[in-house]
1. If you scan the range 56-112, which residues turn out to be crowded, with 16+ Cβ neighbours inside 10 Å and among the small types (Gly, Ala, Ser)?
2. For a quick check of your reading of the model, give me the residue pairs whose first member lies in the range 85-98 and is touching a residue at least 24 places away in the same chain (Cβ under 8 Å) and within 12 Å of GLU120 (Cβ to Cβ), whose second is surrounded by 11 or more Cβ atoms within 10 Å (Cβ to Cβ) and small (Gly, Ala, Ser), with beta-carbon atoms closer than 6 Å and at least 6 apart or on different chains.
3. Can you name every residue in the range 81-122 that is out of contact with any strand residue (DSSP E or B) (no Cβ under 9 Å at 6 or more places or on another chain) and within 13 Å of THR70 (Cα to Cα)?
4. For the range 37-76, which residues satisfy the criterion of being of a type outside the set (D, E, K, R) and in a helix (DSSP H, G or I)?
Amino acid sequence: MRQITLIKISTLLFILISISNLSYGQFQGPGVLDKTYSVKEIIDNASRLDRSDALVKVQGYIVKQINADTYEFKDKTGTIKIEIDKKRLPSNPFDDKTELILIGEVDNDIFAPVEIEVKEVHFVVHVNKVVK
């Protein structure tokens with residue numbers, strides 16, 4: 001009898017954990033990275049973004065490597081330094097003409113320029129639509 005109760009509790013616990021993970025993955029409300037910031041917006045709001053520890057998403061190009069983990073990132077509004085650990089770089093090669101989406105935290109130190117500490121790097125995939 002005790003073994004059956006233990007099995008029931010274990011099964012119920014497994015189901016509840018599975019449901020909670022599914023719910024979390026599907027959330028589409030406030031806090032989801034649906035806004036893509038421009039470099040100008042990040043620089044203009046750097047202090048607030050740094051204090052909130054919010055993740056930001058930017059789309060553009062890595063145009064130059066400055067040192068081992070620091071790069072220059074550019075979009076149509078300007079340039080900003082980014083820091084990417086080697087473990088976060090994609091395994092596929094890319095260059096200054098490869099459009100990327102970067103997700104990271106804004107770092108706004110008093111005596112240093114604003115930069116983004118990159119957590120994720122994604123390739124932008126362009127789909128050509130055929131219009132008839």
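What follows is calculated from the coordinates using simple rules that are stated; it is not laboratory data. Fair warning: this is a prediction, and the values are worked out from it, not measured in the lab. Don't worry about glycine lacking a Cβ; one is built from the backbone with ideal geometry, like all the others, and counts go over all protein chains shown.
1. Selection gives GLY60, GLY104.
2. none
3. The first filter runs over the range 81-122 and keeps only residues out of contact with any strand residue (DSSP E or B) (no Cβ under 9 Å at 6 or more places or on another chain), leaving 86-87, 91, 93, 110-111.
Within the range 81-122, LYS86 is the sole residue that qualifies.
4. Quick first cut of the range 37-76, residues of a type outside the set (D, E, K, R) only: 37-39, 42-43, 45-47, 49, 52, 54-56, 58-63, 65-68, 70-71, 73.
The answer is VAL39, ILE42, ILE43, ALA46, SER47, LEU49, SER52.
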